[in-house]
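Beneath this line is the structure, given in structure tokens, with notes to follow.
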Amino acid sequence: MSTTLGVSRPDQAAYMLRAAAGAGRGYKRELMNLLDVRPGQTALDVGCGPGTDLSALAERVGVSGTVIGVDRDSVMLTEARRRTKDLSAVEIREGDAHSLPVAPGSVDRAKIDRVLMHVAEPADVLAQLRLVTRPGARIGLVEPDWDTLTVDAEDLDTSRAFTRYTTSEVVRQATIGRSLARHAEQAGFTVETVIATTPVFLDFQDADHTLGLGRNMQQAIQDGHIDQERGHRWFTSLSEGTFFASFMLVSVICTR
Ligand SMILES: C[S@@+](CC[C@H](N)C(=O)[O-])C[C@H]1O[C@@H](n2cnc3c(N)ncnc32)[C@H](O)[C@@H]1O
């Protein structure tokens, strides 16, 4: 088992698919049920990544419906296209969430899952979602709140410093999870359901990939936020014995 700090970025597409198959499975299933996608509808997945949810959406809209997956990353788009090449309902479009390549008023169901945390202007993205959806459309939003990241270690202060660093320096909209319902209301949607789930990581390697334990600790040391020796000791201790980490993920279902 490698305990080297600052491991290179994992293959992002593979890592997102792994996350969806592991800690992500439960909330994704619930989101899909609450979205209540019907045959013949047009469903939009903003920031579709490697196409994690496109086949589930395609199954629900059926042959008479349409699924549009939008992402700005060419590697993600290639993987999404590869994974959905046999699904006639699915269209993959390159584009930015701040300026969606989708006709106004054309979408019945939309989802945006762990994308708003990366964008420059969440309010503008929500305004775009409002623009492209029809009156009565259902929209599912899912975002983490990184202030709630807990990593078990004997050196609790360093775990807390790691969480603070993640929130203040690593993720652009790190606390958007708690504000999601407010943002949705401010964008003109009606909030129907708010759910908080807590993905749990019991496997160190999985958590290292998904939460960036090594790479973000390396960065925190380089930026002078955490002492080098302490950071290394903390990271090594995580790889030994029982591991636990978790964070809160907020899902909001709203209507237009
Ligand atoms: C954490 S991944 C989530 C992927 C997918 N929603 C899922 O649940 O597996 C975030 C995705 O959002 C995309 N993304 C981030 N900012 C974006 C933007 N401004 N416009 C479009 N896509 C964006 C990234 O390229 C990446 O594929």
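The values are calculated or read from the model by the stated rules, or taken from the named source; none is laboratory data. Worth saying up front: this structure is predicted, and the values here are computed from it rather than measured. No Cβ is skipped: glycine too gets one built from the backbone with ideal geometry, and neighbour counts run over all protein chains shown. Surface accessibility is based on the protein's heavy atoms, side chains included, excluding ligands, DNA and RNA. Shrake-Rupley method; radii C 1.70, N 1.55, O 1.52, S 1.80 Å.
Assorted remarks:
- Of residues in region 143-158 being in a strand (DSSP E or B) and of a type in the set (A, V, I, L, M, F, W, C), the one most open to solvent (accessible area, probe 1.4 Å): Trp146
- Applying a threshold of 8 Å to beta carbon distances and a minimum spacing of six or more residues, or different chains, the list of pairs starting in region 98-127 at a residue that is closer than 15 Å to Val67 by Cα and free of Cβ contacts under 8 Å to residues at least 40 places away in the same chain and ending at one that is open to solvent by less than 10 Å² (accessible area, probe 1.4 Å) and near the ligand (Cβ under 10 Å from one of its atoms) reads Pro101/Val70.
- For beta carbons closer than 6 Å, sequence separation of 6+ or different chains, a first residue in region 64-75 that is in a helix (DSSP H, G or I) and a second that is of a type in the set (S, T, N, Q) and more than 9 Å from the ligand (Cβ to nearest atom), there are no qualifying pairs.
- Condition met for Leu87 (closer than 23 Å to Ala137 by Cα and either at pLDDT 95 or above or open to solvent by 10 Å² or more (accessible area, probe 1.4 Å) (or both)): no
- Test: Ala97 is surrounded by fewer than 15 Cβ atoms within 10 Å (Cβ to Cβ), under 16 Å from the mean Cα position of the chain (by Cα) and within 16 Å of the ligand (Cβ to nearest atom): no
- Within the span defined as region 198-217, every residue fails to be of a type outside the set (S, T, N, Q), open to solvent by 50 Å² or more (accessible area, probe 1.4 Å), on the phi > 0 side of the Ramachandran plot and more than 15 Å from the chain's Cα centre (by Cα).
- Only one entry of Val46, Val70, Val75 meets the criterion of being open to solvent by 20 Å² or more (accessible area, probe 1.4 Å) and within 12 Å of the ligand (Cβ to nearest atom), and that entry is Val75.
- Given (1) more than 10 Å from the ligand (Cβ to nearest atom); (2) open to solvent by 20 Å² or more (accessible area, probe 1.4 Å); (3) in contact (Cβ under 8 Å) with a residue 60 or more places away in the chain, index of the condition Gly140 fails: (2)
- Qualifying residue in region 99-106 (condition: closer than 24 Å to Thr78 by Cα, touching a Ser or Thr at 6+ places or on another chain (Cβ under 6 Å) and at pLDDT 95 or above): no
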